[in-house]
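Nothing in this text is a laboratory measurement; each read-out follows from the coordinates by a stated rule. Being a predicted model, the structure only gives us computed values, none of them experimental. We place every Cβ from the backbone using ideal geometry, glycine too, and count neighbours over all the protein chains shown.
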Amino acid sequence: MYGRDPIFCVDLILDPRIREPIALNDEQEIKQKLIVSLRCAWKYAAEANSEAQLRVKAQYDKLLRNPTVTIGDRVLLRNYTGKVGSSKKFHLPWKGVFRVIEINGVRVTIISCSSPQSNPRIVHINQLKKCIEPLPYEPVCTTPRLENEELEALAEVNAEEIVDMPGFSHKNVVEPNVAVEQSSQADEILGRQGLGRYNLRRNPKQKILTIASAIARKNI
């Protein structure tokens, strides 16, 4: 209750910090012996549980495999999502193709290969599987936003989104491209008109060429 464990009467009775009661008669003596026995049993049970946990951990660590995922690898994300009314055996166990950009212990930062402009995500290394499929020979079509299926898969594995990551922030990607395209179009128009980018005077060579061509036509 209220974020705290409740304290029961038996906890107060078996708490070793509380002094042992003084036996004044037979009933209190029996009670004192029972409390001492329960305290010893409680202590030995806790020690046995801790030793058993260490043994189980040692056996589990023997089967633990070192992660084969490294920075730059393509990985697949475990898919826990499913469609209503369909069987689980028809669902793909893995989703999308992601690229590993950072590894911090068991926390791996990935970014979508189909949407490189999206924000990176942090997932547990157990939710990833190395992708061994060959790279496509043709350019891959990318999108500025993640697909709904990838978003659902990331939400199911409790992926943590990184908003401002150095080198992977693409907030102003479209605007510079539009500005560059407009400037290139302006340069092309000025070039057709014979005007330079930084010199607004007309090109004198073009005038000489036009005069020479006119003279040649008259001679013909």
### Per-peptide average of other Cβ atoms within 10 Å, ordering 82-94, 99-111, 154-166 highest first
99-111, 154-166, 82-94
### Message
Using 29 Å as the Cα-Cα cut-off, could you pick out the over-long pairs in LYS62/LYS130; LYS57/LYS89; LYS31/LYS57?
### Response
LYS57/LYS89; LYS31/LYS57
### Query
At a Förster radius of 41 Å, what calculated FRET efficiency corresponds to the Cβ-Cβ distance of CYS9 and MET165, to the nearest 0.05?
0.15
### Summary
The simple spin-label model distance between ARG78 and SER37, using points 7 Å out along Cα→Cβ, in nm, is 4.8 nm
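Just to verify a number: FRET efficiency for LYS89 and ASN49, C-beta to C-beta distance, R0 = 30 Å, to 0.05?
0.15
In nm, what is the difference between 0.36 nm times the number of residues separating LYS129 and GLU149 and their Cα-Cα distance?
Details: separation 20, 0.36 × 20 = 7.20 nm, distance 1.74 nm.
Extending this stretch completely gives an extra 5.5 nm.
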